[in-house]
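The values are calculated or read from the model by the stated rules, or taken from the named source; none is laboratory data. Keep in mind that this is a model prediction, so the values were computed, not measured. Note that we place each Cβ from the backbone using ideal geometry, even for glycine, and neighbour counts take in every protein chain shown.
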Amino acid sequence: MERRDVLKAAALTATTAATLGGIMGGGVTPASAQGTKGVGVIDIPPVDPAYFVPGRFTGKTMIVTGSARGLGAGAAIRAAREGANVVGVDILGDLGQSVIDAIVAEGGKAVFVAGDIADEDTSTRMIAAAVDNFGGLDLAINNAGVMDGAFPGDPPDYASQKDLVFARLHESTDAYWEGVIRTNITGTWRNLRAELKQMVAQGRGGAIVNVGSIAGLTGLAGNPAYVTTKHAVNGMTRNAAVDYAPYGIRVNSVNMAATDTPMIARAGAMVAASMAEVQGPTMGRVKTQSLLAYADSANRPSTVAEQVAMMLFLLSPEASNFTGALYATDGGWTTY
């Protein structure tokens, strides 16, 4: 895979997320895809995906989980451009290695660890990679997560994956519930535990960002396991911030609404396929857009670059007074 293809994989274009569903809209097609426009008279331009702060993380080593695509790939690429030594972690081995290869080809320093974040061995190996290759660990973005129980690399196929897909609580299956819980709670906990253990042992502080969701700040339609797990991620964030402040370790979370990533595109496809089977009223249509998406002339969702900008800011020295906070990077979704 060539570098330009990897950089494209860091985020999808807005048109590829034509049906944002599941927790993000209950199968409603965004207004831009329906031919209508937002209500605003001035659009806010998104962060330039090529923008970075030279030297901001020089000499620092950062773990990024879920680094093969979407938010994780975007974070890994920009962090490396800002001088970080990057340890990418993902269950998607070939794609994850391609992102790391692109970083190295660009002159950055990065290594890849292939594995499932819910496996203890993956946490052990990612810490070892940071220590063996770069002498320790300073920063981490715990980004890896799922919306349903299907393997993340499998294309959406509702007919064969129905038992693994999100549904209202009374219609949900054990396989769906256990799959989401395993990755989003157990996986995040294992990663966070390993990172904190290493940072405490080093005695030089650190900073961690956990990737939550508006599903961790509110109740949302149609995906009870995802909502439960993202509340858990935010609970772990607050707990860790309390216990590790004396060690100079800051811990925060970012919580986005619809963002243009492969996970959201998959969710949209699954919702579109499942709507024919929904019986009775659904609440997903009540609210489908953030304030900024509703106002934008094209009703655009958040971009990967916009989310990554906040993640890396929270890891930077400029965020020295920020810990234990759940940042709603949601375009105003939870405001109104």
| query | Hey, among the residues in region 135-160 that are modelled with pLDDT of 90 or more and of a type in the set (D, E), which one's surrounded by the most Cβ atoms within 10 Å (Cβ to Cβ)? | reply | D148
| request: Give me a count of the residues in region 250-286 that are among the small types (G, A, S), surrounded by 24 or more Cβ atoms within 10 Å (Cβ to Cβ) and not in a loop (DSSP other than H, G, I, E, B). | output: 3
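So that you can scan it fast, the table gives a plain yes or no per residue for (1) modelled with pLDDT of 95 or more; (2) under 18 Å from the mean Cα position of the chain (by Cα); (3) crowded, with 24+ Cβ neighbours inside 10 Å:
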site	(1), (2), (3)
G179	yes, yes, no
N184	yes, yes, yes
N191	yes, yes, yes
A194	yes, no, no
V200	yes, no, no
G212	yes, yes, yes
| query | Which condition breaks for V227 when tested against (1) surrounded by fewer than 20 Cβ atoms within 10 Å (Cβ to Cβ); (2) part of a helix (DSSP H, G or I); (3) at pLDDT 95 or above? | reply | (1)
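Which of the helices (runs of 4 or more DSSP H) contained wholly in region 46-164 include at least 3 residues that are β-branched (V, I, T)?
93-105, 120-134
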| request: Note down all Cβ pairs under 6 Å where the first residue falls in region 308-323 and is more than 16 Å from R238 (Cα to Cα), the second is modelled with pLDDT of 95 or more and not hydrophobic (A, V, I, L, M, F, W, C), and they're at least six residues apart or on different chains. | output: V308/G74; V308/R78; M310/T329; S316/R56
| said: Let me confirm something: among T58, T122, which residue is crowded, with 20+ Cβ neighbours inside 10 Å and of a type in the set (S, T, N, Q)? | reply: T122
| If you check G332 against the conditions, is it more than 20 Å from A221 (Cα to Cα), modelled with pLDDT of 95 or more, surrounded by fewer than 16 Cβ atoms within 10 Å (Cβ to Cβ) and among the small types (G, A, S)? | no
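Would you pick out the residues in region 218-248 that are in contact (Cβ under 8 Å) with a residue 40 or more places away in the chain, closer than 24 Å to G179 by Cβ and not polar (S, T, N, Q)?
Within region 218-248, L220, A221, G222, P224, A225, Y226, V227, K230, A232, V233, M236 meet the criteria.
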| field | Selection count where residues are in contact with a helix residue (DSSP H, G or I) (Cβ under 7 Å, 6 or more places away or on another chain) and at negative phi, scope region 132-144 | value | 7
| message | Given (1) touching a helix residue (DSSP H, G or I) at 6+ places or on another chain (Cβ under 7 Å); (2) farther than 20 Å from T282 by Cβ, identify the lone condition not met by V165. | response | (2)
| request: Return yes when T188 is assigned to a helix (DSSP H, G or I), in contact (Cβ under 8 Å) with a residue 12 or more places away in the chain, within 25 Å of M62 (Cβ to Cβ) and out of contact with any helix residue (DSSP H, G or I) (no Cβ under 7 Å at 6 or more places or on another chain) and no when it is not. | output: no
| task | Would you mind finding the one in E106, E171 that is more than 22 Å from the chain's Cα centre (by Cα), surrounded by fewer than 17 Cβ atoms within 10 Å (Cβ to Cβ) and under 20 Å from L220 (Cα atoms)? | result | E171
| task | Those residues that are in contact (Cβ under 8 Å) with a residue 40 or more places away in the chain and either surrounded by 13 or more Cβ atoms within 10 Å (Cβ to Cβ) or within 21 Å of R190 (Cα to Cα) (or both), I need them from region 38-52; list them, please. | result | G38, G40, D43, P46, V47, P49
